[in-house]
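Trainee: Okay, handing you the structure first.
The values are calculated or read from the model by the stated rules, or taken from the named source; none is laboratory data. This is a predicted model, so every value here is computed, not measured. Positions of Cβ are generated from backbone atoms using ideal geometry, with glycine treated the same way; all protein chains shown enter the neighbour counts. Note: areas computed on protein heavy atoms with side chains; ligands, DNA, RNA excluded. Shrake-Rupley method; radii C 1.70, N 1.55, O 1.52, S 1.80 Å.
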Amino acid sequence: MVLQGEEKMPQPKVKLVVTGDDFGYCERRNQGIVDCFKAGGISNVSLLVNAVSAEHAADLAKRNHIPIGLHANLSEGLPVSRDLKGSTLLNKDGFFHGKMGFREVLQCGHLKMSEVEAELRAQVNRFCELIGHEPYHMDGHQHVHVVPEVREVFAQVLSDFGITYTRVPIEPGLKFCTFLPPHLRDFNAQVEKDALESMEVFHRYGIRWPDVYLGLSTMGKNMSVPNLKRALGFTLDTSLDDAVSSSLIQCNDAVTDSYRPVTAELMVHPGYPSQPHQGGCGEGPDDFSQSADRLHELNTLSDPFVLNYYRQQGIHLCAFKDF
């Protein structure tokens with residue numbers, strides 16, 4: 001009920017979660033993510049609990065009241081579980097197999113799902129130790145959570161811990177992004193195929209995800225104001241379609257608008273670039289984290305033009321816990 005003289009706040013068209021991935025990777029990445037949060041550029045973070053600066057990240061998240069989830073990692077660095085010596089998850093040096101190596105071992109049928117489950121549970125427990133509560137959401141570093149077989153185990157772990165939300169990386173309009181290099185287009189196409197096949201599994205376990213996912217086409221140097229507006233345009237179109245089809249429900253002589261804002265997640269990787277030999281998940285920082293693209297993303301997300309665009313378009317930044 002709106003009292004006389006009060007203005008009813010306009011409903012947002014979109015509830016957008018802007019998630020800063022790889023929180024914990026190194027102290028410089030951590031500080032950049034926090035600075036981006038304070039500037040209003042991100043609204044949520046995803047923590048790598050096996051990263052060398054995970055404790056530093058957890059402390060920053062608690063001090064700055066940053067909504068936080070778990071970035072489950074099965075592909076980079078050292079495991080959290082102490083019971084994986086000689087595991088199929090690890091190479092001869094005791095590290096995970098890497099982004100593509102993980103997928104190759106899985107495809108060859110050499111990966112034991114019992115070991116995947118043990119590591120995922122260990123990472124959730126470690127998150128709880130660091131943060132003091134269970135993750136508000138849980139996704140996969142390098143999208144490992146949607147690959148065949150793993151997705152079933154992943155969904156079971158989420159269900160057992162009562163973690164409601166995950167990420168389903170299917171981006172509208174991605175196939176038209178011809179500016180992406182061929183190798184990235186091929187990888188993204190496989191990720192989307194895996195994600196599409198994951199939806200039935202996640203639904204069966206009662207796991208939810210936002211209506212729209214964005215981020216594959218706006219990583220690094222591809223993040224720009226026009227590119228963000230292009231990607232967000234798909235979300236706004238979805239919002240308008242929903243608004244047209246929404247109905248008015250008559251309830252106890254009061255008219256209630258049934259319109260629900262579209263929910264969306266934008267995956268981002270801001271931060272100050274890692275220094276050589278400082279950071280990572282046990283093997284040192286990779287080229288991705290040392291790239292100047294990290295600072296470019298931070299600056300673009302914090303651009304007043306972008307933040308004003310959100311306000312003009314009725315895009316409200318929030319976190320998974322706000323759903």
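Trainee: Can you grab the distance from the C-alpha centre of region 214-238 to the C-alpha centre of region 58-80, Å, no decimals?
Mentor: Using only Cα atoms, the two centres lie 25 Å from each other.
Trainee: Okay, next question. Among Phe305, Leu60, Leu106, pick out the residue whose Cα is farthest towards the positive end of the charge dipole of the chain, where Lys and Arg carry +1 and Asp and Glu carry -1 on C-beta, about the Cα centre.
Mentor: Projecting each Cα onto the dipole axis, the largest value belongs to Phe305.
Trainee: Could I ask something else about it? Any idea of Ile163's accessible area? Nearest 10 Å², probe 1.4 Å.
Mentor: 10
Trainee: Any chance you could run the full-extension gain for Lys193 through Ser114? It's 0.36 nm times the residue separation minus the Cα-Cα distance, nm to one decimal.
Mentor: 26.0 nm
Trainee: Follow-up. Going Cα to Cα from Lys221, which lysines come in below 24 Å? Please leave out same-chain ones fewer than 8 positions away.
Mentor: Candidates past the 8-residue exclusion: Lys38, Lys99, Lys175, Lys229.
Trainee: Taking Rg and Dmax of the Cα atoms in Å straight from the coordinates, which label in [x] 19.0, 56; [y] 20.0, 71; [z] 19.5, 64 is the correct one?
Mentor: [y]
Trainee: Just grab the label-to-label distance for Lys175 and Lys221, each label 7 Å out from Cα along the Cβ direction, in nm (one decimal).
Mentor: My value for the distance between the label points is 2.8 nm.
Trainee: With a cut-off of 14 Å, note down the residues of region 76-96 whose backbone N falls inside the zone around a label point 7 Å from the Cα of Glu283 toward its beta carbon.
Mentor: 76-79, 89-96
Trainee: Sticking with this one: Quote the charge dipole size of region 78-231 about the Cα centre in Debye, to the nearest 20; the model charges only the Cβ of Lys and Arg (+1) and of Asp and Glu (-1).
Mentor: For region 78-231, the charge dipole is close to 500 debye.
Trainee: What is the extension gain from Leu184 to Leu307, computed as 0.36 nm multiplied by their sequence separation minus the C-alpha to C-alpha distance, in nm to one decimal?
Mentor: 41.4 nm
Trainee: Using the Kirkwood radius over Cα pairs, work out the Stokes-Einstein diffusion coefficient for region 1-160 at 10 °C and 1.306 mPa s, in µm²/s as a whole number.
Mentor: Stokes-Einstein gives a translational diffusion coefficient of 93 µm²/s.
Trainee: State to the nearest 20 debye the size of the charge dipole of the chain about its Cα centre, where the only charges are +1 on K and R beta carbons and -1 on D and E beta carbons.
Mentor: 340
Trainee: Given contacts defined as C-alpha pairs under 8 Å and at least six residues apart, what's the relative contact order of region 30-176, whole-number percent?
Mentor: After rounding, I find 23 percent.
Trainee: Quick one: which residues, 5 or more positions from Thr263 or on another chain, have an amide H under 5 Å from its amide H? H modelled 1.01 Å from N in the peptide plane, none for Pro or chain starts.
Mentor: The answer is Lys15, Asp211, Val212.
Trainee: Please name which of His71, Ile131, Ala39 has its Cα lying farthest along the dipole of region 27-173 towards the positive end, using unit charges on Cβ (Lys, Arg +1; Asp, Glu -1) and the Cα centre as origin.
Mentor: Ala39
Trainee: Please give the FRET efficiency for Lys62 paired with Asn299, using the beta carbon to beta carbon distance and R0 = 25 Å, rounded to the nearest 0.05.
Mentor: According to the calculation, E is roughly 0.45.
Trainee: OK, next. Highest GNM mean-square fluctuation, the chain, Cα pairs closer than 10 Å: which of His296, His97, His133?
Mentor: His133
Trainee: Once you place label points 7 Å from the Cα toward the Cβ at Arg82 and His316, how far apart are they in nm?
Mentor: Between Arg82 and His316, the label points sit 4.6 nm apart.
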